[in-house]
Every structure is written in C-alpha cells, then in structure tokens.
Amino acid sequence: MTSERKSPIGPIIEGFIGSLLILFGSFGVGWLVSVSPIARHPWVIPLRTESEGVIVSTVALTLGCWVMFRAWLRLGRRLRGQDPADQWPEGSLRTVNLATILWCAPQLFVIPIFSRDVFAYLNQGRLVLAGQDPYTTGVSTLDNWFHLGTDIVWAESETPYGPLFLWLEAAIMRVSGDSPDLAIFLFRLACVGGVAMIMYYVPKLARLHGVDGARAQWITVANPLLIISFISSVHNDAIMVGFALAGIWAAAHGRGVLAVLLVVVSIGIKPITMVLLPFIGLLWAGPGSSWVRKFQYWFYTAGLAGMILLVVGLLQGYGFGWLAVLAGTGTGSTFWSPIGIVNGWLATLLGNLGIEYFWTLDTLKLVARVSSVIVVLYLMFRGSDDRIVKRMTWAFTALVVLSPIIQPWYLLWLLPLFAVTGIRRNWEFKWVVFTVAFFLAFGAMDQLSIYQFLEMEQQMVALSLAVSWICLVIMATVDPGTRWVVWTGWDLPRARLSLPWKRAATPVEPPLTTAEHHQIPAHQRTSPNLMNPVANKAGDGDQEERSQGVR
C-alpha cells in the first residue's frame, strides 16, 4: 500500500529558518577575535556585552539547531512516505540537494561556533609564513597568537594536520593579511568545496552499492551536524572527506593512479586517511585478484603515495614530521569514547580499592591502538572482494572508535561511507539520529563565547542544555513529525535462548548442480549475489556507474 506523500517545501523552509536562527545566535555567543570590527557594530555590542543579549543569542543558537534537526527528519519522512518499504521517488536527489544548499547558505556568514579550531589554522598559517616548523613548534612562539583566538590548550602543541593543509593555511594568511575575518571566510569557502565534493560523490558511490542515492545524500549532507561541523565550525575535515570519497570512486572504476593521488591529497589535509590506502590498492587490483596481484598493487599504492608525500616534504622542508605527530597518542580522553568510559570505570574501581590508577589511561590507549591495527590488518586480508568498501569502512571505524579522543566531527568521517554502503531503516538509522542529537546538544552548550565580566558562562550552559532537553522531549513524545523515530520501526534482531543440545537439527540440502539450476523457471531462481542481493537492484543507473568489488 502506497501512502500519499506531502510536499517537502515545509521542511525545507523550516530548516532555512533554523539556519537563520543559528546565524543570529552566533553573533552573540560565537567566537570573535578581539580585533574583529564585527564586535564593534552597534547592533552586535548588546548581544555580546549585555546579559539579555547573551540569553537571547544562546536560546536562538540552540533552538536553531533543533529546528534544523526537526526539518531534517521531516524532509526524509516526506520524501519516503509513511510506508517504510517505499522507494524514494524520482527527483528526490534534487530536492535533498536544494534543501542542503538553502540550509548551508546562512552558515557561510556564521561567527564560528561549536569549535575554535579555525583560529588555530590562522596562527599555523602565520607560523609557516614565519619560516617555522609547525610539526615541532607551537603557535605560542608567535606575537599576538592569543589575540587571534587560538585555544590556550593547543598553543604549544604541534599541528596534527597534513603537509598540504599547511600550504593552504599559509596561502590564506598571505592573502588575508591582517584581516582574521577574511581569513576565516576563505577557510570556510575551502570547507564548502569539500562539502560540494561530498555531495557529488555520495550519490555516485551509493548507486554502486545498490543504495538509494537520495537517501544516502539526505543522511549524510543534509544532516545538521555535518552542516554545522563542516561549514559553521570551519573544520578542514570536510576537505579530507571530500577527496577521500573521490579517491574511492576513482579506485572503484579502476583508475588507480588517480585514486591514489586523490587519497594522498586527503592525507595531506589530515593523515588519518592513510588507513584507506590498503583498500584502495585492493579496489585497484580488481575483484577476484590473486594474492600475488594484491601484493603487487599494494606495492604500487604505497610506493606512489610515499613518493608524492616525500616530494611534498622535500619542497616544504618539513620531511615526514607529520608522521611523528600522527604516532603520538595525544593527551586525555573524551568521556563518551569507549576508552574514556572504560578508564572512568577502572579508575573508580581501583580508587575505591585504594590502588593507584595513574597508569590506566596510557595502558588502555596502547591496548586500543594495537587492537585497531589488528582489526585493520584482518580486514585487509579477510573478506569478500565485493565488500571492499565495507571492509574499509569498518577499518576506519576501528581507528576512530578505539581512539581516546573522539570529537563530534570525527563521526562525520565515517557517516558517508556507512550511508553509501547502506544504513537500514531500523535501529541502524535510529543510532545515527540519536548520535546526531547527542552531539548537537553537546556542541550547542560546550563552547559559548561569553565575556568573563558577565559571569554567565555556567548559566548559559545550563540554559542551552534546558532548551535542548525541552526540544528533545517534545520531538520524542508529542511531535507527529518526529516521534516515529523513537516509537516505531526498531526491527531489532531476535535473541533465541535455548540450550545447544535441545535445538532441533536443521537438515541442510546439497547445493543444486548447474543443470538443476537451469531447470528451475527463471522467475523462481534466487539472486546470484548471495553476499549482497540488494546490489542486483542497482541497474537503474548508467552503465559507467557500475563497478565490481566496491560493496
């Protein structure tokens, strides 16, 4: 039974209003450097220096996040209809793209929110222009680094970014000169370019896996967490992910050299995408390759990538300094990471027993790092050739999940890969929704720029959290446009509890011979691709969009 679909115009307009609310709120509690002329505009001053303005800005920013979140869910609901089995209609991809563009447009002018990383970009660019090595020197060696907004926590840290991003930082700072606002805008435009690449390649990769491109695009790019993290917060991860997806698409089509070049650019932004290279080699080798051929193409991939990065290092003069930074484990942990959770439990237990627990975090980091390497190696050597991208996704996931520090935008490295290989409409999609909701609530309250003389920081954190809770409760209980996420369609796997020796033996029939298979009427034959039957439905795309070995 097909239900009547409503127009998506309402959710699109709603999301645009939410984006405007975030824009307005950012002028009151977003991050501005002290020398920015924006802070001296007559209408901005009361938003940042008076308690009423700060309260209004905090509410507007937080409420805007939830208006966008609600619009995102409603848009998906409108496009797929009430029937979970319904396919998204023709033209849905254009609708999702239109919504994404409209929701992103106000964020081009947002004062940076949720993160201060972009201010580290500014000073790292100045560091490069000053002839210093960002892989050994912190930005605290520069004059006025604090006035340009870099968080004091990172002032003496080496840069975690790749060598190509250092060139981009230096180029933007050379062009912008003494205008930090212009520099932030240029960095944001670069991130918009990354988001545009994600928008271009997600539907293409989804079609290769028999997945609805419009739905994958909606889950990934129309997602408010991605829009805010990659555009509003100006995270260079957008560029990293964009080039990584481009490289995967090229490898899936046998364009190995181009694929390695694109992934090397991604590594040059953030080195973490090195984990993709072994699987790029497998895609380049092609399905059904012998182990000799696989090792041969791993050698080609590693050799080409290493040669390019060596040339870049020699031209810059920094060599492979970024490898030393990558090898470091970092300091501390986030409370929601698995390592942070286990460390909290273990430290509490040992503390109650009167045992020293200073060693627990370092030990857990080491165990997690070794475990992630084992997982990556296992997925390199084991698994079907028609699941290479899925294996790549889980290898990347192991590195992220087993890291002691998991920032909200780290999960956006993985979301496009899971979306293009298939996120089912059951608990899997709900996991995405709940994760997005958690990090939206956390981000809205975590980094609010409030002058100390107002003594309102903790009150605004509480206010933002209260607004988030109110919105979440309403959407989960009484809002017909969103409550379905919580109350319907979980489709959890059933657990069967029975003693092994009490289970009835299931007779196993021998496989059919080729002659017997052809005696069955064509319409009664099962799908030849038992590993991924849905892939056989991917025939509505162009022939050049199909490829083997990408599932």
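The values are calculated or read from the model by the stated rules, or taken from the named source; none is laboratory data. Here the structure is a predicted model, which means the values were calculated and not measured. Cβ coordinates were reconstructed from backbone atoms using ideal geometry, including for glycine residues, and neighbour counts include every protein chain displayed. Note: accessible area is taken over every heavy atom of the protein model, side chains too, but ligands, DNA and RNA are not part of it. Shrake-Rupley method; radii C 1.70, N 1.55, O 1.52, S 1.80 Å.
Per-structure values
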read-out: The chain, relative contact order [Cα under 8 Å, separation at least 6], %; value: 18
read-out: Spacing of the two label points (7 Å from each Cα toward its C-beta) at Phe335 and Tyr300, in nm; value: 5.1
read-out: Calculated FRET value between Phe320 and Ala105, using beta carbons and R₀ = 56 Å, to 0.05; value: 0.90
read-out: The chain - accessible surface per residue (Å², probe 1.4 Å); value: 48
read-out: Whole-percent carbon and sulfur share, accessible surface of the range 29-74, 1.4 Å; value: 71
read-out: Degrees between helix 163-176 axis and first principal axis of the chain (Cα, 0 to 90, nearest 10); value: 40
read-out: Added length on full extension, which subtracts the Cα-Cα distance from 0.36 nm per residue, Tyr200 to Gln458; value: 88.7 nm
read-out: By average C-beta atoms within 10 angstrom, highest first, the peptides 233-241, 405-413, 283-291, 207-215; value: 233-241, 207-215, 405-413, 283-291
read-out: With at most 14 other Cβ atoms within 10 Å, longest stretch of the chain clear of loop GluC sites (Glu not before Pro) (DSSP); value: 157-355
read-out: Whole-percent carbon and sulfur share, accessible surface of the range 357-428, 1.4 Å; value: 71
read-out: J(HN,Hα) series, the range 357-363, from Karplus relation 6.51 cos²θ - 1.76 cosθ + 1.60, nearest Hz, glycine and proline x; value: 10, 5, 8, 5, 5, 4, 5
read-out: Under the Karplus curve 6.51 cos²θ - 1.76 cosθ + 1.60, θ = phi - 60°, whole-Hz ³J(HN,Hα) for the range 399-409, x wherever Gly or Pro sits; value: 5, 6, 5, 8, 8, x, 10, 10, 7, x, 6
read-out: Overall form of the range 36-131 per C-alpha gyration tensor (a/c, 1.5; a/b vs b/c); value: oblate
read-out: Distance (nanometres) between label positions extended 7 Å along Cα→Cβ at Val175 and Thr435; value: 3.3
read-out: Helix-only mean residue ellipticity at 222 nm for the chain, each DSSP H run of n ≥ 4 adding -39500 (n - 2.57), per residue, nearest 500; value: -19000 deg cm²/dmol
read-out: Extension gain, Val373 back to Ser7 (0.36 nm per residue minus Cα-Cα distance, nm); value: 127.0 nm
read-out: FRET efficiency for Leu346 and Glu52, using Cβ-Cβ distance with R0 set to 35 Å, rounded to 0.05; value: 0.15
read-out: Mean Cα-pair separation over length for the range 149-236, i.e. relative contact order, pairs under 8 Å, 6 or more apart, %; value: 24
read-out: Overall Cα dimensions of the range 121-190 - principal axes, largest extent first, Å; value: 27, 26, 19
read-out: Inter-label distance, nm, simple model (7 Å from Cα along the C-beta direction), Glu90/Trp291; value: 5.0
read-out: 4 °C / 1.567 mPa s Stokes-Einstein diffusion coefficient of the chain, Kirkwood radius on C-alpha pairs, µm²/s; value: 51
